[in-house]
Amino acid sequence: MKVQDKSSTDAKATNSDLEKQEQDPPCPPCAETAQARLSAFSALGFINRFLALWIFLAMLVGILLGNFVDDVEPALQKGKFVNVSVPIAIGLLVMMYPILCKVQYEKLHVVFKSREIWVQMGFSIIINWIVAPLVMAWADCSQLGLAWAFLPDKQGLREGLILVGIARCIAMVLIWNNLAGGNGDYCAILVAINSLLQIVLFAPISLLFIRVFNPHSHSAIDISYSTVATSVGVFLGIPLGAAILTRLVLLRLLGPDRYKSYFLRFAAPWSLIGLLFTILVLFASQGKQVVDQIVSVVRVAAPLIVYFALIFFLTLLVARRMGFRYGYAVTQSFTAASNNFELAIAVAVAAYGPQSDQALAATVGPLIEVPVLLGLVYGVKWFAKRRNWKE
């Protein structure tokens, strides 16, 4: 009897597993991920594990250089590329390229055969391109946006925050999602989609909120559609196009295994190097301004903290209520909550100048985002474990 019962139980378990495989769509093959879902943090290397520390140190070194080294600021501003200093431009391009090389563009057609992916994509577009920008930037008569609520008297800082709120994250979100055990393949899909959407949507949406929904603006002439569109096209379009071309060519020459084990292993650290270099140069260029305007930095930090937490938990709550699995819900939440501060910085510097309040507000973005999003990683993993929320 015991043997029969055990056999019957095993048969039921096997049938249940087969039914589950038939019901659940396969994970979309759009990015290489190797870490286990809920043990990603321990699997990270030493550099990525202390990412917040490296960014803070880069900021600190930049501020010290800007305040105690003579002529460092003018030296860093020599030479312009699309109205951005050459060192910053190089850092931005180097930072974007390796991340985008990980996306499996050649298999996107397989992904879009899944109905669940279309539902997830629709939800993500609504949250990222309608809800999140409105939460940060909506003004009208009520001025409900966080940028207006916290900075009604600081137009320049407010406009910098609006640029941050509109820029959808395409790089750092892969790190947060990996740490929290989200769906890495689906996250890579959103990176590719948001990269393409930002090329098309960032310029008109930013102009809409800064010029049309900004009734008290006195510097609307400083920002134009051509300036924003050019910055987006250069600092996002160039690395995206280069990444697609690199992947398609090298996959043919090297094959998938060698592409991953050789090329991606070599290219991956350059993303972090580009990020730290860009932050160091930005803070070196604005070191005196950051120290002189420490109150402004604190005022910018407050709405950013509220924004990251509010958007994250709002998205997570709605996704859970809609019955999304843990991996998808976490990916949606981190994609919505994190922002492409690299692009916001590039546009702010190109449109307003490196010494502007807009550039200062955009530069404060990574200082606040890194510790807040890292805290949300621990928070969502604790919540999932407590509620037994599994994939």
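The values are calculated or read from the model by the stated rules, or taken from the named source; none is laboratory data. These figures come from a predicted structure and were not determined experimentally. Cβ atoms come from the backbone with ideal geometry, glycine included; neighbour counts cover every protein chain shown.
Rundown of residues vs (1) free of Cβ contacts under 8 Å to residues at least 40 places away in the same chain; (2) within 19 Å of residue 158 (Cβ to Cβ), yes/no style:
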{"site": "280", "(1), (2)": "no, no"}
{"site": "300", "(1), (2)": "no, yes"}
{"site": "307", "(1), (2)": "no, yes"}
{"site": "317", "(1), (2)": "yes, no"}
Check: Within the stretch 334-342, is even one residue in a helix (DSSP H, G or I), closer than 24 Å to residue 189 by Cβ, modelled with pLDDT under 85 and touching a helix residue (DSSP H, G or I) at 6+ places or on another chain (Cβ under 6 Å)?
Finding: yes
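With 160, 122 as the choices, which residue is under 22 Å from residue 293 (Cβ atoms) and within 20 Å of the chain's Cα centre (by Cα)? Full working, then the answer.
Values: 122 fails: under 22 Å from residue 293 (Cβ atoms).
Among 160, 122, only 160 is under 22 Å from residue 293 (Cβ atoms) and within 20 Å of the chain's Cα centre (by Cα).
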Check: Applying the selection to the stretch 247-293, what residues are more than 25 Å from the chain's Cα centre (by Cα) and within 15 Å of residue 358 (Cα to Cα)?
Finding: 289, 293
Next item on the list: Check whether at least one residue in the stretch 369-389 is of a type in the set (Val, Ile, Thr), in contact with a helix residue (DSSP H, G or I) (Cβ under 8 Å, 6 or more places away or on another chain) and closer than 21 Å to residue 58 by Cα, and report yes or no.
Entry: yes
Next item on the list: Could you figure out which of (1) outside any loop (DSSP other than H, G, I, E, B); (2) under 26 Å from residue 355 (Cα atoms) isn't true of residue 196?
Entry: (2)
Next item on the list: Output the number of the condition that residue 351 fails; it satisfies all remaining conditions of (1) among the aliphatic types (A, V, I, L, M); (2) under 20 Å from the mean Cα position of the chain (by Cα); (3) closer than 22 Å to residue 166 by Cα.
Entry: (2)
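Residues to consider are 144, 174, 157; find the one that is at pLDDT below 85 and either part of a helix (DSSP H, G or I) or buried (at least 23 other Cβ atoms within 10 Å of the Cβ) (or both).
Just a single option satisfies the conditions, and that option is 174.
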